[in-house]
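To start, the structure under review is shown below, and the notes come after it.
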Amino acid sequence: MILAEPNRLVVRPGHQSISSQAQAWKSPLEGLTAAQVASWVFDILKPELFSRRKGGHKALGHDRSTTAWLDGLRGWAALSVCIFHVTVEPQWHVGIESCYGAPLPSGGSNTTPAAWPMIRLFWSGGHFAVLKNNVFLDLFTWLRETGKFLYFYRSNDLAHPYNPHTWTIPIELRGSVFVFAWLFVLSQISNKKRLLLTLAMIWYLAFATPGAMYATFFAGMVTAELDLIAAGEAQMSLPWDKLVQVLRKHSLPRTLLLHAVFLGALYLGSQPSEGSNGKDQVLGKCYGWRTLGKWTPEAADDGYLDFWWFWAAWLLLLACKEIKWLKRGLEAGFSQCSFALCQFLRGNPLCVTVLTAL
């Protein structure tokens, strides 16, 4: 180590000088060619989908993450959003979001098998810009709209006019700030109390207010904490421990229950919707959904879609986490490919530019 003293530099024994430290950094880099550097950079940037796998779940010399199935689920969700934008938004299939048997504007009925529950998720599961003739005026308009967009606490016009699909960004930012503030406030209490209070917050957002969209953030946090408890990283007793122990001892009832949860999530996720029409107008003419519409909390009447999609999303997450064959499928190479670009780079430009022109 080199110390500065008046009129001289002192090198303490037992410490490397600057020149020796530089030499230590230089040695591993000697003999490194440009081709090796390029290959190393390409290996870092290359998607894991295109990497050869050896030894089952091992890729590039490391074990697959314990949350790889969650990445696969997110990829399928993004692909579903892309298909939804391509099939529903161009208005080529009027009434495709209505339930089976619902009357169509043309006077007929929606009797296509594509409207069946669960089947409809393949193209309507995506729920779970015109420029001015003067480029300078358009640039000014873009800057003005972007300024509004950056204020994510606004109550209306969530989407940016030049890319309507960005309406989810303010929601995600609000939810993230919500969760951060919640954890900060409850950081000094016990884990059990925090978990129970978070469950109470989920109930409040889903049933007492039209805030089921934000309840999903807290549901994800609860799911992660339950995983830590199951892994033994956090010790606490919960009211449902005995039920969990019984299900662990009896695999058949547990398997049947998980598959029932999975099918229920798919059914709830395929609920019909018709733009700005109200709950009674949409669900009142649909078998099965007419009853579920009556079970919708009064506070969630305006946000009935978000209420049932919230339960669909949480139940689907729990089922995918526990059903082995489903989890393996989400960990496979195809599911690991992120389809986020399908929505933001392909969905909006394709729908607005190409499909509208056609």
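The values are calculated or read from the model by the stated rules, or taken from the named source; none is laboratory data. Remember, it's a predicted structure, so these values are computed and weren't measured experimentally. All Cβ positions, even for glycine, are placed from backbone atoms using ideal geometry, and neighbour counts span all protein chains on display.
I'd like to know if the range 251-262 contains one or more residues that are surrounded by 14 or more Cβ atoms within 10 Å (Cβ to Cβ) and over 26 Å from the mean Cα position of the chain (by Cα). So far as the range 251-262 goes, yes, one or more of its residues are surrounded by 14 or more Cβ atoms within 10 Å (Cβ to Cβ) and over 26 Å from the mean Cα position of the chain (by Cα). Quick one: Val244 ticks every box in (1) surrounded by fewer than 18 Cβ atoms within 10 Å (Cβ to Cβ); (2) modelled with pLDDT of 90 or more except a single one, so which number is it? Going through the list (1) surrounded by fewer than 18 Cβ atoms within 10 Å (Cβ to Cβ); (2) modelled with pLDDT of 90 or more, Val244 breaks only (2).
Going by the conditions given, is Leu330 at negative phi and in contact with a Leu (Cβ under 8 Å, 6 or more places away or on another chain)? Give the derivation first.
Values: at negative phi: yes; in contact with a Leu (Cβ under 8 Å, 6 or more places away or on another chain): yes.
Yes.
Going residue by residue through the range 201-208, is there one that turns out to be out of contact with any helix residue (DSSP H, G or I) (no Cβ under 8 Å at 6 or more places or on another chain) and farther than 16 Å from Leu317 by Cβ? Yes: one or more hits.
The set of residues in the range 169-202 being part of a helix (DSSP H, G or I), more than 13 Å from Val222 (Cβ to Cβ) and not charged (D, E, K, R) consists of Ile169, Pro170, Ile171, Leu173, Gly175, Ser176, Val177, Phe178, Phe180, Ala181, Phe184, Val185. None of Ala208, Ala231, Ala224, Ala200 is under 28 Å from Phe178 (Cβ atoms), loosely packed, with under 14 Cβ neighbours inside 10 Å and at pLDDT below 85 except Ala231.
Of all the helices (runs of 4 or more DSSP H) wholly in the range 203-273, which have at least 3 residues that are within 27 Å of Arg290 (Cβ to Cβ)? Working first, answer last.
Values: elements: 212-230, 241-249, 251-269.
Result: 212-230, 251-269.
If the condition is being among the polar types (S, T, N, Q), at pLDDT below 80 and outside any helix (DSSP H, G or I), then the range 274-302 contributes Ser276, Asn277. Of the residues that make up the range 189-206, is at least one over 20 Å from the mean Cα position of the chain (by Cα) and aromatic (Phe, Trp, Tyr)? The answer is yes; a qualifying residue exists.
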